[in-house]
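Q: Got a structure for you, written out below as structure tokens; questions coming shortly.
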Amino acid sequence: MEGRRRKAELPGEAPARFGFTVTKKLGNAVRRNRIRRRLKSAIAAGAGGLAQSGFDYVIVARSAAFDRPYRDLIADVSRALTALHAPRPAKSAKTVRSALQGG
């Protein structure tokens, strides 16, 4: 899952939006549509409450989404949203300096 804050006129009121990428590598149209429906349902069933307003999310489907137990699918999506919005530790000046110097 990837997420990005979008620029909106009223950032506090813009609802979260979700996009789904289900490639042909995952199977025929029936299989891909089932994966997409299961992911949409998992978002609506509870994981959507973790989404922040003013964000766009893209879920890149994997083949496991086809037959994964539904409760596990909801937990996976919830975990991905939580990890996406978790604060990242700040890099120290030493780490940034060594990265710029190539070492």
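The values are calculated or read from the model by the stated rules, or taken from the named source; none is laboratory data. Model, not experiment: these values are computed from the prediction. Counting neighbours? That spans all protein chains shown, and the Cβs are built from the backbone with ideal geometry, glycine included. Side chains included, ligands, DNA and RNA excluded: accessible areas come from the protein's heavy atoms. Shrake-Rupley method; radii C 1.70, N 1.55, O 1.52, S 1.80 Å.
Q: Calculated FRET efficiency, Val30 and Ala75, Cβ-Cβ r, R0 30 Å, to nearest 0.05?
A: Between Val30 and Ala75 the formula returns 0.70.
Q: Phe20: accessible area at probe 1.4 Å, nearest 10 Å²?
A: Surface accessible to solvent at Phe20 totals approximately 50 Å².
Q: Follow-up. Assuming 0.36 nm per residue, please report the length gained on full extension of the stretch Val60 to Ala83 beyond their Cα-Cα distance.
A: Stretched out fully, the Val60 to Ala83 stretch lengthens by 6.7 nm.
Q: With a point put 7 Å past each Cα toward its Cβ, work out how far Glu2 is from Thr21 in nm, to one decimal.
A: Label-label distance for Glu2 and Thr21, simple model: 0.5 nm.
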